[in-house]
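Engineer: This structure is in structure tokens; I'll ask about it shortly.
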Amino acid sequence: MELLEKQGKLHGKEAPRRRIGFYGSSSTVSGNQDGRGNTGLTELEKELVSGLIDEALEKYSADAIAKPDYALFSAGGRIIPRLTSQDYHHTVAPTFWGNLGLKYFVKLPRREKPAQKAIEPDIHAGECWAMEGQQGQLGIRLARRIVVTEITIEHADPSVVLDMDSAPKEIEVWGLRGSEDAAPTATSHHASHTKPKTRQTFSIPLSMQKWPFVGVVLRIKSNWGHPKYTCMYRVRVHGYEPNA
């Protein structure tokens, strides 16, 4: 938030400051508070700060691996709904109905995050796509047609999540050589034999780096034991353009 800190200084004077929180953390910007402690940020200001945070997260992620991510949503990557498993949905009983003893009869659906979360840079705890069950798949149309060389799977930091049971354990990578309707080509099979890490990069065998792909399908074969859902925080696809 160094940029915002600097913007809070006006002609050599330190402007009044207040604290605002995003993603469970706080930072400081200049301005006034009302008597109730509300920040009073306009929607435009919130959008600006949120954009700065997303940009910083994306820059950090790029610097950490130093390889282009052709699955990244902001770069043009997109989810292929037809080749993507169902979101995990569960319902919660509202307090009012629960107090009346009707929680088993009236339940409200809980809004879950879409599969698009898996190709966005934010991997804070809870910012993931939850897939139904222990097995399924995620279809991604790449930003460009590339020869895929590596796949990176990211999960939230183990120190800030309650457990890692929902992390994917065993995956297969399939490539789409033509249109999204074409049959995918198997490229590699990967299994994690140790407890999941925040970031793991798997290499595609050289024998399978013969064709450029317009998309990939990740088939999740198992997770680390969660019976109801599997969490995909972020998937990155690395490679090179055949004519580059």
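Engineer: Quick check on my filter: what residues within the stretch 34-85 are surrounded by fewer than 12 Cβ atoms within 10 Å (Cβ to Cβ), charged (D, E, K, R) and at pLDDT 75 or above?
Structural biologist: Residues satisfying the conditions are E43, E47, R82.
Engineer: Six or more apart or on different chains, Cβ under 8 Å: which pairs go from a residue in the stretch 160-181 that's of a type in the set (K, R) to one that's in a strand (DSSP E or B)? Could you list them?
Structural biologist: K169/A191; K169/K221; K169/S222; K169/N223; R177/T185; R177/F213; R177/V214
Engineer: Scan the stretch 67-82 residue by residue and report those that are out of contact with any Phe, Trp or Tyr (no Cβ under 9 Å at 6 or more places or on another chain) and not acidic (D, E). Working first, answer last.
Structural biologist: From the stretch 67-82, those out of contact with any Phe, Trp or Tyr (no Cβ under 9 Å at 6 or more places or on another chain) are 67, 69-75, 78, 80-82; that's our starting set.
Result: K67, Y70, A71, L72, F73, S74, A75, R78, I80, P81, R82.
Engineer: Out of all the residues in the stretch 162-185, is one or more of a type outside the set (G, A, S), under 20 Å from the mean Cα position of the chain (by Cα) and modelled with pLDDT of 95 or more?
Structural biologist: For the stretch 162-185, residues of a type outside the set (G, A, S), under 20 Å from the mean Cα position of the chain (by Cα) and modelled with pLDDT of 95 or more: absent.
Engineer: Residues L162, L142: which one is of a type in the set (A, V, I, L, M) and part of a loop (DSSP other than H, G, I, E, B)?
Structural biologist: Values: L142 fails: part of a loop (DSSP other than H, G, I, E, B).
Only one candidate passes the filter, namely L162.
Engineer: Hey, another quick one. Examine the stretch 108-123 for a residue that is of a type outside the set (S, T, Y), at pLDDT below 95 and closer than 15 Å to N223 by Cβ, and state whether such a residue exists. Quick ask: steps written out before the conclusion?
Structural biologist: Taking the stretch 108-123 as the starting set, the residues that turn out to be of a type outside the set (S, T, Y) are 108-123.
Add one more test, that the residue is at pLDDT below 95, and what stays is 108-114, 121-123.
Right, trim to closer than 15 Å to N223 by Cβ and you get none.
No, the stretch 108-123 contains no residue that is of a type outside the set (S, T, Y), at pLDDT below 95 and closer than 15 Å to N223 by Cβ.
Engineer: Could we say that H189 is part of a strand (DSSP E or B), surrounded by fewer than 16 Cβ atoms within 10 Å (Cβ to Cβ) and either within 16 Å of the chain's Cα centre (by Cα) or at pLDDT below 90 (or both) here? Steps first, answer last, please.
Structural biologist: Numbers: part of a strand (DSSP E or B): yes; surrounded by fewer than 16 Cβ atoms within 10 Å (Cβ to Cβ): yes; either within 16 Å of the chain's Cα centre (by Cα) or at pLDDT below 90 (or both): yes.
Taking the combined requirement at face value, the residue satisfies it.
Engineer: Here is a follow-up. Please name all residue pairs, on different chains or six or more residues apart, with Cβ atoms under 7 Å, provided the first residue is in the stretch 215-240 and is over 13 Å from E150 (Cα atoms) and the second residue is outside any loop (DSSP other than H, G, I, E, B) and aromatic (F, W, Y).
Structural biologist: Between residues of the stretch 215-240 that are over 13 Å from E150 (Cα atoms) and residues that are outside any loop (DSSP other than H, G, I, E, B) and aromatic (F, W, Y), the close pairs are V217/W174; R219/W174; M232/W129.
Engineer: So which residues in the stretch 197-230 are part of a strand (DSSP E or B), under 19 Å from D69 (Cβ atoms) and not basic (K, R)?
Structural biologist: Taking the stretch 197-230 first, the residues part of a strand (DSSP E or B) are 199-203, 213-223, 229-230.
Next, from what is left, pick out any that are under 19 Å from D69 (Cβ atoms): 199-203, 213-218.
Q200, T201, F202, S203, F213, V214, G215, V216, V217, L218, listed by residue number.
Engineer: Would you mind telling me which numbered condition in (1) buried (at least 16 other Cβ atoms within 10 Å of the Cβ); (2) closer than 27 Å to G225 by Cα; (3) out of contact with any Cys (no Cβ under 8 Å at 6 or more places or on another chain); (4) at pLDDT 90 or above M131 fails?
Structural biologist: Tallying (1) buried (at least 16 other Cβ atoms within 10 Å of the Cβ); (2) closer than 27 Å to G225 by Cα; (3) out of contact with any Cys (no Cβ under 8 Å at 6 or more places or on another chain); (4) at pLDDT 90 or above, M131 fails exactly one: (3).
Yes/no matrix, rows are residues, columns are (1) surrounded by 17 or more Cβ atoms within 10 Å (Cβ to Cβ); (2) among the aromatic types (F, W, Y):
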residue	(1), (2)
W224	yes, yes
M232	yes, no
R236	yes, no
Y240	no, yes
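The values are calculated or read from the model by the stated rules, or taken from the named source; none is laboratory data. This structure is a prediction, so every number in the text was calculated from the model and none was measured. Here the Cβ is made from the backbone with ideal geometry for all residues, glycine too, and neighbour counts use every protein chain on show.
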